[in-house]
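Okay, so here's the structure we're looking at.
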Amino acid sequence: MEEFLVYFYQNKGTIFIIVLSIFLGVEVISNVPSVLHTPLMSGANAISGVIIIGGIILLGHTELSEGISLNLILGIFAVIFGTLNVVGGFVVTDRMLDMFKKKKKK
Amino acid sequence: MNITLQDLGITSGDVILEISYLVAAVLFVYGLKLMSHPETAKKGNLWAAAGMGLAMVTTLFLHRDADGKTIGMTNALIVVAAIAVGSIAGAVIARRIKMTAMPQLVSFFNATGGAASALVALMEYSNPDNSSALVTLLGLVIGTIAFSGSMIAYGKLDGKVGDIFAGWVKYFNLFLLLVITVLIVYMLAFDLDPGLQTTLSYVLLVLALIYGIMFVMPIGGADMPVVISLLNSLTGIAAAMAGFIYNNEAMILGGIFVGSAGAILTLLMCKAMNRSLLNVIVGSFGGGGAAAGKEQGTVKEISLSDASVLLSYSQKVVIVPGYGLAVAQAQYVCNDLVKLLEDKGVEVKFAIHPVAGRMPGHMNVLLAEADVPYTKLVEMDDINPDMPNTDVTIVVGANDVVNPAALDDPSSPIYGMPIIRAHESKNIIVMKRGMGKGYAGIENFLFFDDKTRMLFGNAKDTLQALVSEIKEL
């Protein structure tokens, strides 16, 4: 039990962020018209590619003196996958939204 | 008393890095917020992308590991090369894909995000500096499930993977989930030898892979959008778990934000189908066995010329688009028909069911592609009261979303799902390729209605023929 209390106290900043982010997500989505659900889902999907930062940290600090290690290979894949998610996600969202934009000009 | 950065053991670079994360987090939220309106949506997407780009660049240049070292030149080059590969591949795939394949693509990108999270967690688990084993293992499991689940969803939407509707899958999944939970508890509770720990983390990876596959496998039919949204939410949570490992607020906020947004979107979709999330996950749609006993009656066809006359002399026409429209790439011809009818003074509207197509808002995107103004797209709840005043309802490639069994047949698997009340309009024209069942595999009694006439054929060809027929009138 005490372990839990310590854990909570040590990570309280993070826990605050988590709880408030949950409300933020609910609040932002509740106001979106269903017309935009697909681009929104796609955009949110691109943001979930934020794992790329973890990938960069990991690959960036991978020990290279051991030559081609498993960690190096996995790290490279993590960064490639993460970037695919981010870049692909944003580009495809942009493409979807182009269609809404076109109409406005007319 | 002045505290210097040196007293805190940090450099100004560390502070700049944290500030950039703060800016990135704000841009994520601001961007998604802007996306809640069609006019600002594009800008919002760009802001969110800018936030991501900023965080990536500052991490590359300023991040320091536990020993205080920044990323070395060789490592940085490898990172940049990997980013270049991912960026080019991502941009090319996203640019080339057809609009109809959009749901698959989102699912595929979601899978890559899940895979990245799982890989990061897998490697961090064997890192002795990492003190949050629970979060790491959860990140590993959730990321892996998001990956394999999304790949299956991708395969299903692309028609490469079939459904499994076996009763045992349910129990198998529950059992698997239990095994995963027990394994995690075991790995946390005992001080295991590092070699064994690593082995077990791979076992966990494999179990989670299987779970993701088996979790999506039995889910079919109209439930696919819900699953994609749910998996999207999982990827966000997995990214946040990784953020916890690195104490990285931008990752935590971005991940949890997307996780909760995805979760609420999932629930909104379930609500649109009047089903609980549990029901979607556990009680998958089977074949339409329940309603099969009823008499089918006969369907009546309509000729193109009759259809064109009927439409031209109507006052109000409602078009109900479905996945068939997307498959046939008929959105452009559809818009031609709308323009033609409007020139004749007919009022035309599109009725959009929240789960029409394979993703929420799928129809909106498709029709927007064909230049249909979004003011013409009316949501289900707004158009339903108007249906009895509608002269002709044209159902183009839609099926389950207009099936009256959802209203009056308690034995039907889709009973209780709100539908577009096409059957209340004065005439109904159904464009269909054949008498096949809808994605949910249920017989549709709308087709046997006295007021219903069928136009068989590929939606695009049929619409094209209809357009030229009306032009000649």
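Each value in this text was obtained by applying a stated rule to the coordinates, not by laboratory testing. Please read all numbers here as calculations on a predicted model, not as lab measurements. Note: ideal-geometry Cβ built from the backbone for every residue, glycine included; neighbour counts use all protein chains shown.
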How compact is region B:290-472 by the rule of thumb for globular proteins, expressed as Cα Rg over 2.2 N^0.38 Å? 0.94
Taking every pair of distinct Cα atoms and averaging 1/r, then inverting, what Kirkwood hydrodynamic radius in Å comes out for chain A? 17.2
Name the residue farthest towards the positive end of the dipole of region B:297-407 from the options B:Gly357, B:Val327, B:Gln315, assuming +1 on Cβ of Lys and Arg, -1 on Cβ of Asp and Glu, about the Cα centre. B:Val327
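What are the trypsin sites (Lys or Arg not before Pro) within region B:1-91 that DSSP puts in a loop, where the Cβ has at most 14 other Cβ atoms within 10 Å?
Working: sites: B:Lys33, B:Lys42, B:Lys43, B:Arg64, B:Lys69; in loops: B:Lys69.
When the trypsin sites (Lys or Arg not before Pro) of region B:1-91 are filtered for loop state and at most 14 Cβ neighbours within 10 Å, B:Lys69 remain.
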In terms of Cα to Cα distance under 12 Å, which aspartates and glutamates are near enough to B:Lys432, apart from those fewer than 8 places away along the same chain? B:Glu301, B:Asp461
Under the √(5λ) rule applied to the eigenvalues of the Cα gyration tensor, what semi-axes describe the equivalent ellipsoid of region B:154-263? Give them in Å, descending. 27, 22, 11
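Could you tell me which of rounded, prolate or oblate describes region B:96-176, using a ≥ b ≥ c as the square roots of the eigenvalues of the alpha-carbon gyration tensor, with rounded for a/c under 1.5 and, failing that, prolate when a/b is larger than b/c and oblate otherwise?
Values: a/c = 4.37, a/b = 1.43, b/c = 3.05.
The shape class here is oblate.
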Compute the Rg to Rh ratio over region B:141-206 from the alpha carbon atoms, using the Kirkwood formula for Rh, and round to two decimal places. 1.09
Simple SL model, points at 7 angstrom along Cα→Cβ for B:Ala89 and B:Lys271; separation in nm is 3.9
With label points built 7 Å along Cα→Cβ from the Cα atoms of A:Phe8 and B:Lys98, find their separation and express it in nm. 5.5
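If neighbour count is taken as other Cβ atoms inside 10 Å, put B:Thr198, B:Thr136 in order from fewest to most.
Details: B:Thr198 14, B:Thr136 24.
Sorted ascending by nearby Cβ count, the order is B:Thr198, B:Thr136.
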Taking other Cβ within 10 Å of each residue's Cβ, how do B:Met241, B:Met35 sort, fewest first? B:Met35, B:Met241
Measure nothing fancy, just the Cα-based angle from helix B:224-246's long axis to the longest principal axis of chain B, in degrees from 0 to 90, nearest 10. 10
Ranked highest first by average number of other Cβ atoms within 10 Å, how do B:458-464, B:70-76, B:229-235, A:89-95 line up? B:229-235, A:89-95, B:458-464, B:70-76
Return P(r) of chain B (all Cα-Cα pairs; 20 Å bins starting at 0; whole %; ordered from short to long distances). 21, 47, 25, 7, 0
Starting from the 7 Å offset along Cα-to-Cβ, what nm value, one decimal, do you get for the label separation of B:Ile19 and B:Ser305? 7.7
Under 19 Å Cα to Cα from B:Lys349, which aspartates and glutamates show up? Leave out anything in the same chain fewer than 8 places away. B:Asp336, B:Glu369, B:Asp371, B:Glu379, B:Asp381, B:Asp382, B:Asp386, B:Asp391, B:Glu424
Spatially proximal aspartates and glutamates relative to B:Lys69 (Cα-Cα < 14 Å; intrachain offsets below 8 disregarded): A:Glu63, B:Asp14
Taking max minus min of the Cα coordinates of the protein assembly as shown on each principal axis, largest first, gives extents in Å of 84, 54, 44
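Set the bar at 21 Å for Cα to Cα. Now go through B:Lys43/B:Lys376; B:Lys344/B:Lys471; B:Lys43/B:Lys156 and name every pair that lies beyond it. Don't jump to the answer; show the numbers that get you there.
Numbers: B:Lys43/B:Lys376 23 Å; B:Lys344/B:Lys471 10 Å; B:Lys43/B:Lys156 32 Å.
Beyond 21 Å: B:Lys43/B:Lys376; B:Lys43/B:Lys156.
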Angle, helix A:70-83 long axis vs. longest principal axis of chain A, Cα atoms, 0 to 90°, nearest 10? 20
I need the Kirkwood Rh of region B:1-58: take the reciprocal of the average 1/r across all distinct C-alpha pairs and report it in angstrom. 12.6
